[in-house]
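Readers should treat all values here as calculations from the given coordinates under stated rules, not as data from a laboratory. The shown structure was predicted, so the numbers you read here are calculated from the model rather than taken from an experiment. Ideal geometry is used to build each Cβ from the backbone, glycine not excepted, and the neighbour counts take in all protein chains shown.
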Amino acid sequence: MPKTKTNRAIAKRFKKTAKGGLKSGHARTSHRFHGKTKKQRRHLRGTRMVYKTSAKKYNHLLH
């Protein structure tokens, strides 16, 4: 049985943590900031952890 290929789109968007979780950037951060409040923009900075239910699906594509 051949090895499964890593899904490159998923690999570019998500990083694995030491405990096996996934972190990613926030959505809605590429443009149209004039429609968002300063608080919204501040909270969209940095990374976020992916929900466990979604992480299980994405982990399969990262192997």
**Fill in**
Sequence order, region 26-35: Karplus ³J(HN,Hα) from phi using 6.51 cos²θ - 1.76 cosθ + 1.60, θ = phi - 60°, Hz rounded, Gly and Pro as x, gives 7, 7, 6, 10, 9, 6, 6, 7, 5, x
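Hey, what D do you get for region 8-62 in µm²/s if you plug the Kirkwood alpha-carbon radius into Stokes-Einstein at 4 °C and 1.567 mPa s? Before the final figure, lay out the partial values.
Details: Rh = 12.5 Å.
For the chosen part, D equals 104 µm²/s.
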**Request:** Could you sort 26-39, 45-58 so that the peptide with the highest average Cβ count within 10 Å comes first and the rest follow in order?
**Result:** 45-58, 26-39
**Asked** Based on DSSP H runs of at least 4 residues, each adding -39500 (n - 2.57), what is the mean residue ellipticity at 222 nm of the chain after dividing by all its residues, to the nearest 500 deg cm²/dmol?
**Response** -10000 deg cm²/dmol
